[in-house]
Amino acid sequence: MNIFSRLFKIGQAEAHDAINNLEDPIKMTEQGIRDMRVEMDKALQALAEVKALSIRTKSELNSSKDQAGDYERKAVMLLKKAESGDISSDEADRLATEALNKKEQAAQNATRLEGERQKYETSVQQLEKNIDTLKSNIGTWENELRTLKARMRVSSATKTMNKQLANIDTSSTVNMLERMKQKVEQEEALAESYGEIANETKSVDDEIDKALNAGESKGSEKLMELKKRLGMSDTNEKAAE
């Protein structure tokens, strides 16, 4: 294969691929159903026309049969008139022969019309069969179209969701959560550290105050004991009295 043929094949393949991408299965199915309905309308019109022809042919057939029977009765009546002497035998034979010829023509016409009627009836049956097939196909296609639309909605929603999920950077999210976790742990540790420092500072102050108060309390007790031994009253108690 030369280079031009290969390039042509590549271009042809790309063109087919572009056409396939442009095809919308739902729109194509809807168009197919519309085409089927157009065909069914044409078939219904044809059926009506063929039925009309069949009805008219049947009427003409019955008329031809009646004519054939009428001419035969006339031939018989002419022969009876000749027999009774109302008309001459030659005249009766001539007219009876003409009547029989008319009868034969009517009979032949009836035979032809019967053939046409049968053809029309066959066409009617075929058209009715085709219409029933078209109706069945349209019903099937409409059901498939509803199913296709439902599947398309589901697949579209699924595709959108999967696309969103595919665009999520899982590793980046996990790393970000780990960094946040480390930061929170660091903040918690820092808060705990400040708490311990605060407790330690408070404890030292409390110890100092306790120590100071304890010394003063012991000195006051000794002073009061000494005053009691000396028989001296407490200045604070006299002031209170």
| message | Any residue in the stretch 131-149 that is in the same structural domain as Gln31 (by TED's automatic domain parsing) sitting within a Cβ distance under 6 Å of a residue that is in a helix (DSSP H, G or I) and small (Gly, Ala, Ser)? List the pairs, counting only those 6 or more apart or interchain. | response | Ile131/Ala43
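The rows are residues; the columns are (1) assigned by TED's automatic domain parsing to the domain that holds Ser63; (2) farther than 30 Å from Glu49 by Cα; (3) surrounded by fewer than 13 Cβ atoms within 10 Å (Cβ to Cβ).
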position: Leu78; (1), (2), (3): yes, yes, no
position: Asp86; (1), (2), (3): yes, yes, yes
position: Asp90; (1), (2), (3): yes, yes, yes
position: Asp93; (1), (2), (3): yes, yes, no
position: Ala99; (1), (2), (3): yes, yes, no
position: Leu113; (1), (2), (3): yes, no, no
position: Glu116; (1), (2), (3): yes, no, no
position: Lys119; (1), (2), (3): yes, no, no
| note | Flagged pairs (Cβ under 6 angstrom, 6 or more apart or on separate chains; first in the stretch 88-105, more than 14 Å from Tyr71 (Cβ to Cβ); second in a helix (DSSP H, G or I) and not basic (Lys, Arg)) are Ser89/Ala82; Ala92/Leu78; Ala92/Leu79; Ala92/Ala82
| request: Might you let me know whether the stretch 4-22 holds any residue that is modelled with pLDDT under 90, within 54 Å of the chain's Cα centre (by Cα), over 30 Å from Thr111 (Cβ atoms) and not in a helix (DSSP H, G or I)? | output: no
| field | Positions within the stretch 52-68 being loosely packed, with under 14 Cβ neighbours inside 10 Å and hydroxyl-bearing (Ser, Thr, Tyr), in sequence order | value | Ser59
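The values are calculated or read from the model by the stated rules, or taken from the named source; none is laboratory data. Computed from a predicted structure; not experimentally measured. Cβ: placed from backbone, ideal geometry, glycine included. Neighbour counts: every protein chain shown.
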